[in-house]
Amino acid sequence: MELEINPSPPEVMHIDLNSAFAMTEQQANPLLRGRPVGITNRLNDYAICIAASYEAKACGINLGTRNRDARYRVPGFVMLESDPAKYQYVHRQLKAIFQDYSPTAQMKSIDEGVIDFRKMQGILKGRSLEDIGREIKLRIRQEIGDYMTVNVGIGQNRWMAKLAAGFMKPDGLYTIDSSNLELTYSLLHLTELPYIASRMKVRLNEAGIYTPYEFLHTPEQVLTKQVFRSINGHHWYLKLRGYETDFETGIRTVGRSYVLEHRTADPKELAALWFTSAVKIARRLGRNNLAARGLLLYLRYKEPPYGWHERKMYHEAVRRGDQLYRRALDLFAQSPPDLEVTAMAMTAYAVEPYRAHQLQLYDDQGPRQERLEDAINKLNDRYGELAVVPAGAWASRNPMKDKIPFGTIRYFD
Ligand SMILES: [Mg+2]
């Protein structure tokens, strides 16, 4: 049976500055307003346009149009050299406004940000997200500049909010929820969905999926086994229905994934590989002073059912290798036995800043283990990754070479 479309209200807002670079230049110089403007990195006749104003886009000027061709085709066209200091100023102003609404608001790039209002109803004080979206538009005009417009998208997860922010440009405001989700999909092409590029479109087409509406109603098994051939199929199945997958939050996940050089079904050997993954993830968490509450394991097999994954969100956040390993073993115990594993991934999610005093409440071994882990990390920083590892990690004959076998599980350093 198909999972129902997420019935909860849309509480994620994505805000995207319209034609950011060109609009910023038009804000700074009123003589450029209403005119076709292009931005390039080094100004000369052959310079290529890297950003264009709406007026320029309406005349067919796109990314990659040459300065000389644009001037020839469009009378009054102005090409400007990019001015990063201006764009950084706008970026900082936008961020400050977004963080007024939630301390967890994040910038996704120089000109777009996300405010997640889930579990933050206190901030809303009974107001609708549309109302707040309109207020943000007004504040941007008042506090950054009267020529500045943004598109606001509201949705049930980050991906859907980003999709909604693409509608009715410029100066748009669009909400996607369970009532109009199917209608919205029926208006779009596959490549208009965020993160679906032409290569992925080909793979979807090969599975008989030609529209976002058909994508929505494709069985999870088909997405997981045929189209994405990884846990990403599961993520898309959830994402398209408005559920958060935790995996678009950038810094909030830390993962390792490996393709095994020697396939194995030996639980001891697999446990050793989980151990190494846990140690590496712990090291990254420690280095960034983070801890994680959620843990996800993924295994790929050569034979049916081809893939398995399990995840769990725990009450307390942890950051040590031994803690992550213990959690991993609990999840791993639920996997089907005796299947040869070809690839595996461990992802720590729901990552948050580490607070030492909080951990000690739950774990009396905490302080000693923390100091040990810090010492090991220092040795490894000096002598190379995995110079010092707990003995369990050596039980495997598989060299742990990092690879990225399944798409978008994020890494960070
Ligand atoms: Mg933009």
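The values are calculated or read from the model by the stated rules, or taken from the named source; none is laboratory data. Bear in mind the structure is a predicted one, so any value in this text is a computation, not a measurement. As a convention, Cβ positions derive from the backbone with ideal geometry for all residues, glycine included, and neighbour counts pool all protein chains shown.
Values computed for the structure shown
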item	result
Selection within region 49-69 - touching a strand residue (DSSP E or B) at 6+ places or on another chain (Cβ under 6 Å) and of a type in the set (A, V, I, L, M)	ILE50, ALA51, ALA52, ALA56, ILE61
From the options ALA164, ALA105, residue that is within 22 Å of HIS235 (Cα to Cα), within 21 Å of the chain's Cα centre (by Cα) and either at pLDDT 95 or above or surrounded by 16 or more Cβ atoms within 10 Å (Cβ to Cβ) (or both)	ALA164
Pick from region 108-118, criterion surrounded by 15 or more Cβ atoms within 10 Å (Cβ to Cβ) and in a strand (DSSP E or B), ranking: nearest to the ligand (Cβ to nearest atom)	GLU112
Unique match (being within 16 Å of the ligand (Cβ to nearest atom) and either more than 20 Å from LEU193 (Cβ to Cβ) or exposed (fewer than 15 other Cβ atoms within 10 Å of the Cβ) (or both)) among GLN121, GLN88, GLN142	GLN88
Test: ILE136 is within 16 Å of the ligand (Cβ to nearest atom), in contact (Cβ under 8 Å) with a residue 60 or more places away in the chain, of a type in the set (Val, Ile, Thr) and within 28 Å of CYS49 (Cα to Cα)	no
Pair list, Cβ under 9 Å, 6 or more apart: region 327-345 residue free of Cβ contacts under 8 Å to residues at least 60 places away in the same chain, other residue surrounded by fewer than 19 Cβ atoms within 10 Å (Cβ to Cβ) and assigned to a loop (DSSP other than H, G, I, E, B)	PRO336/PRO305
Count of residues meeting criterion [β-branched (Val, Ile, Thr), part of a loop (DSSP other than H, G, I, E, B) and within 15 Å of the ligand (Cβ to nearest atom)] in region 146-202	1
Selection status of ARG326, modelled with pLDDT of 70 or more, under 30 Å from the mean Cα position of the chain (by Cα) and either of a type in the set (A, V, I, L, M, F, W, C) or surrounded by 14 or more Cβ atoms within 10 Å (Cβ to Cβ) (or both)	no
Residue match in region 173-186 (condition: farther than 21 Å from LEU238 by Cβ and without any contact (Cβ under 8 Å) to a residue 60 or more places away in the chain)	yes
Tally, over region 1-53, of residues that are within 16 Å of the ligand (Cβ to nearest atom), assigned to a loop (DSSP other than H, G, I, E, B) and within 30 Å of ASP116 (Cβ to Cβ)	2
When residues of region 124-139 are limited to those that are among the hydrophobic types (A, V, I, L, M, F, W, C) and within 27 Å of the chain's Cα centre (by Cα), the one surrounded by the fewest Cβ atoms within 10 Å (Cβ to Cβ)	LEU124
Sole residue being surrounded by 13 or more Cβ atoms within 10 Å (Cβ to Cβ) and farther than 20 Å from GLU244 by Cβ, chosen from THR211, THR184, THR175	THR211
Out of ILE15, ILE48, sole residue that is touching a residue at least 12 places away in the same chain (Cβ under 8 Å), β-branched (Val, Ile, Thr) and farther than 26 Å from LYS239 by Cβ	ILE48
Test set (1) over 30 Å from ARG92 (Cα atoms); (2) within 21 Å of the chain's Cα centre (by Cα); (3) not in a helix (DSSP H, G or I) - GLY208 fails condition number	(2)
Some residue of region 124-131 being within 16 Å of the ligand (Cβ to nearest atom) and in contact (Cβ under 8 Å) with a residue 24 or more places away in the chain	no
Per-region count, region 187-223, residues of a type in the set (A, V, I, L, M) and closer than 23 Å to MET1 by Cα	6
